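All remarks here apply to the structure that follows.
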Amino acid sequence: FPAVAVDTDQVQQTPWAETTEGTGVNLTCQHPKIASDSTHWYRQFPHQAPQLIATAVVGTKPVLEPEGSLTVSADRRSSSLWLAEP
């Protein structure tokens, strides 16, 4: 599924990722000019509104649905969302 990180208009992210069934995927995002206090990751399905799936300030935080984890770098300029079963 597509995932998009949104913090500023300077977000740099690969537009899509691919994995095989039963294999996790890691989505990374660079946000060098972050202006907010936290990083938010959303998912969006066709014809539906975006759905918040994770928020973090720094460090690693578990994500429950979909299962995975969100890691935000100490300088908050990059983040990575790992999903166990995308």
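The values are calculated or read from the model by the stated rules, or taken from the named source; none is laboratory data. Since the structure is predicted, the reported quantities are computational estimates derived from the model, not experimental observations. So basically every Cβ, Gly included, is an ideal-geometry build from the backbone, and we count neighbours across all protein chains shown. We work out accessible area using only protein heavy atoms, side chains counted, and drop any ligands, DNA or RNA first. Shrake-Rupley method; radii C 1.70, N 1.55, O 1.52, S 1.80 Å.
A few notes on this one:
- Cα-derived Rg over Rh, computed across the chain with Rh taken as Kirkwood radius: 0.94
- Under a 5 Å amide H cut-off, with hydrogens placed 1.01 Å from N, Ile34 pairs with nothing among residues at least 5 apart or on other chains.
- Charge sum, other residues only, whose C-beta stays under 10 Å from Gly24's C-beta, Lys/Arg counted +1 and Asp/Glu -1: -2
- Residues in segment 67-86 that a label on Glu18 would reach, taking backbone N under 18 Å of a point 7 Å out along Cα→Cβ: 86
- What the chain shows is 65 Å² of accessible area per residue, with the surface traced by a 1.4 Å probe over protein heavy atoms.
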